[in-house]
Amino acid sequence: RIASIEWSSRETDAARRALCSLQEVAMSQKSEATRLRKFVNSRCSNILEASNTIIQLLSKSNASVLSSAKRKLSTRKRKAVSLIQTETDNIQYLEQELTVAVDRFGQAKSAKKILCANLEVERSRPISLLSEEIRTFISPAPTTQNASDFTFSLLDGSAEIAMKIEPDEKGPNSVELGCFIKDGGVSIKLLQAVLLGNLEKIDGTCGPFPLRDSLASVLLQNQSRSELITDATHLFFRIDSLLKSVKKLEATSFCTVNAEDNGDISLSVAFQKDGALVQFVFLFDNLLGEDWAVAILPSDVKVSIMSNEKDHSAQSDLLCREARSILVKAKPNDPTLLRRILEVSTQM
């Protein structure tokens, strides 16, 4: 759902802000370490100057100096020793502080490295790829002129779902649903099966057609107007994403939609590759049944490879297992699922 994508974006933003904060801490620690080195150097210079002064004073003194001069020299010597000791203690303290600062700087660098790695993982996660894919799919929906009649556009205007909401003070809102479908290719045929629950020929008419009961019941179970519009937007977006991916496949592959006796729908996608005919068959379980569970994604996939040159049965089984593995792990709102499954054919 869109909420999971927004939550992933928030996690990414939080990681980035934490990384920026650690970078600022690292820079401040580096500046503090530089300041401490300068302070230590200045203190050492003071000690050297004091030592030179004492040595010069002692060298100038001789045996004939007065006792008062000796006492003054002794006093200065004690002060110099005390000053040296104080400066030595300060240097030791600064060394300890510098060591702590270096440790903190190392920890900040390690944390930065970990956060950078996490950001790279976040950028490469499927949810991030899906969010970019969804941005290309999403369109303004629903549209309304009077805050009562709403229209959801599917397949770039090839189909529309109309919703009329009339508030009722005594009970639940009165909601009317209908859809308009233009005659078209395989994607329109599959959309008709999803929205109407049948594959009867439209004969060029656009509608309105009543929305199938299983879809309408999912939407009408909400009491509030905002929940109804939100759930309808999410549901129709998932349907639109799947059908747009089928429409793209029509441009590069031979696609057909067939109804099974048990109410299942099969979508066949066939194309040429390396001199062989590769066929993927996606099965939509009970899509034409009255008790359809509103499962937008296919429930199973089969792969076959046909060629006059050699037997591809083993390779067909391998690709079929790979495709089913992707299907089992897929999210319910993955608009790139069919494309990702078809990409297993690159392993041929």
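The values are calculated or read from the model by the stated rules, or taken from the named source; none is laboratory data. In this text the structure is predicted, and so the values were computed from the model without any measurement. In this analysis, Cβ positions are derived from the backbone assuming ideal geometry, glycine residues included, and neighbour counts consider all displayed protein chains. SASA here: full protein model, heavy atoms, side chains in, ligands and nucleic acids out. Shrake-Rupley method; radii C 1.70, N 1.55, O 1.52, S 1.80 Å.
Couple of notes before you dig in:
- For segment 193-302, relative contact order (Cα pairs under 8 Å, six or more residues apart, normalised by length) works out to 23 percent.
- Counting charges near S153 (Lys, Arg +1; Asp, Glu -1) among other residues having Cβ under 10 Å from its Cβ returns a value of -3.
- Residue order by solvent-accessible surface for L177, L195 is L177, L195, largest first, with ligands and nucleic acids left out and a 1.4 Å probe.
- Segment 258-309, relative contact order [Cα under 8 Å, separation at least 6], %: 35 percent
- Of the residues K77, K201, ranked by 1.4 Å probe accessible area with the largest first, the sequence reads K201, K77.
- Sequence-separation-based contact order of segment 274-348, relative, with Cα cut under 8 Å and 6+ spacing, percent: 28 percent
- Here segment 183-299 is treated with +1 on each Lys and Arg Cβ and -1 on each Asp and Glu Cβ, and its dipole about the Cα centre works out to around 500 debye.
- With all protein chains kept in place, the per residue accessible area of segment 222-348 amounts to 51 square angstrom at a probe of 1.4 angstrom.
- Residues R238, R225, ordered by accessible area of protein heavy atoms at a 1.4 angstrom probe radius and largest first, appear as R225, R238.
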